[in-house]
Amino acid sequence: MHVTAQHVIRFLERVAAVIKEHRDELTQLDANIGDADHGANMDRGFSAVLAKLPTLADKDIGTILKTTGMTLISTVGGASGPLYGTAFMRAASVLTDKTELTPHDVTQAFEAALEGLKVRGKAQRGEKTMIDAIEPGVAVLRTANGTDEPFLAVLQRAVAAVEAGMQATIPMQATKGRASYLGERSIGHQDPGATSSYYIARALLDTLQEPD
Ligand code: ADP
Ligand code: MG
């Protein structure tokens, strides 16, 4: 299976729609352990990305993802904007000039995105952030890379791992970001950023599963 620039455009359209649909839920999660703006931040950022997509229709995948990252950084005020922005820009940097991606390219892009995120946020797994959702998914992609398992099956397992990682943030105590100010009171709540990461991962799977 190959991922085309058209798939990437449809993926970003779907992310914008799904984030809007779950905006209140993301805000409520952030109200529990943060400052109740994650839904608004993500919706502002991906609505701005959506508005730019018509100008990107004939561009390569590196350019589309780089523009996405820059747009998120410039429109989202919260911590999540620079973090997701860095992730998209790092993915873009390993996909320069590509108009079609192999499963190997997709895996490399996610590895680069995760690495960029961890450096930018200085966070590791277990700190109750989006990394707790993303890293298990990337681990599935990495382990399956080069095997003959169909890529959609790999991606399904990766998204299931992201979902489990999101749920695993509930019992964690936050040690990064705003939620860390709460100390032990952050325990018992699902992390908002891990939740938006799950919706983004599922949007990719749903886009690639859709008939052309
Ligand atoms: P802010 O915290 O500035 O209000 P958001 O509410 O939009 O920004 O995003 C909060 C989310 O950002 C958290 O739920 C967490 O997943 C993520 N986050 C915060 N700090 C970090 C970090 N240092 N590394 C990774 N993710 C982080
Ligand atoms: Mg917030």
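The values are calculated or read from the model by the stated rules, or taken from the named source; none is laboratory data. Values in this document were obtained by computation on a predicted structure and should not be read as measured data. Neighbour counts run over all protein chains shown; Cβ positions are idealised from the backbone, glycine included.
Tabulated values for the structure
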item: Matching residues in the range 90-100 - criterion: being of a type in the set (A, V, I, L, M) and surrounded by 21 or more Cβ atoms within 10 Å (Cβ to Cβ); result: ALA91, ALA92, LEU95
item: Only one of HIS38, HIS22 that is more than 10 Å from ligand 1 (Cβ to nearest atom) and modelled with pLDDT of 95 or more; result: HIS22
item: Options THR169, THR143, THR147, THR175; residue that is part of a helix (DSSP H, G or I), among the hydroxyl-bearing types (Ser, Thr, Tyr) and either touching a residue at least 24 places away in the same chain (Cβ under 8 Å) or farther than 27 Å from THR68 by Cα (or both); result: THR143
item: Residue within the range 65-82 that is among the aliphatic types (A, V, I, L, M), more than 16 Å from ligand 1 (Cβ to nearest atom) and buried (at least 20 other Cβ atoms within 10 Å of the Cβ) present; result: yes
item: Verdict on VAL159 being more than 16 Å from ligand 1 (Cβ to nearest atom), without any contact (Cβ under 8 Å) to a residue 40 or more places away in the chain, assigned to a helix (DSSP H, G or I) and touching a Lys or Arg at 6+ places or on another chain (Cβ under 8 Å); result: no
item: Index of the failed condition, ALA123 passing every other in (1) assigned to a helix (DSSP H, G or I); (2) surrounded by 19 or more Cβ atoms within 10 Å (Cβ to Cβ); (3) within 16 Å of ligand 2 (Cβ to nearest atom); (4) not β-branched (Val, Ile, Thr); result: (1)
item: Lone unmet requirement of (1) modelled with pLDDT of 95 or more; (2) buried (at least 20 other Cβ atoms within 10 Å of the Cβ) for HIS104; result: (2)
item: Residue pairs meeting the criteria (Cβ under 7 Å; at least 6 apart or on separate chains; first more than 16 Å from PHE11 (Cβ to Cβ), in the range 43-62; second of a type in the set (A, V, I, L, M)); result: ASP43/ILE19; ARG44/VAL76
item: Residue identified as of a type in the set (D, E, K, R), assigned to a helix (DSSP H, G or I) and touching a helix residue (DSSP H, G or I) at 6+ places or on another chain (Cβ under 6 Å) among ASP43, ASP105; result: ASP43
item: GLU184, sole failed condition from (1) in contact (Cβ under 8 Å) with a residue 60 or more places away in the chain; (2) over 18 Å from PRO103 (Cα atoms); (3) part of a helix (DSSP H, G or I); result: (1)
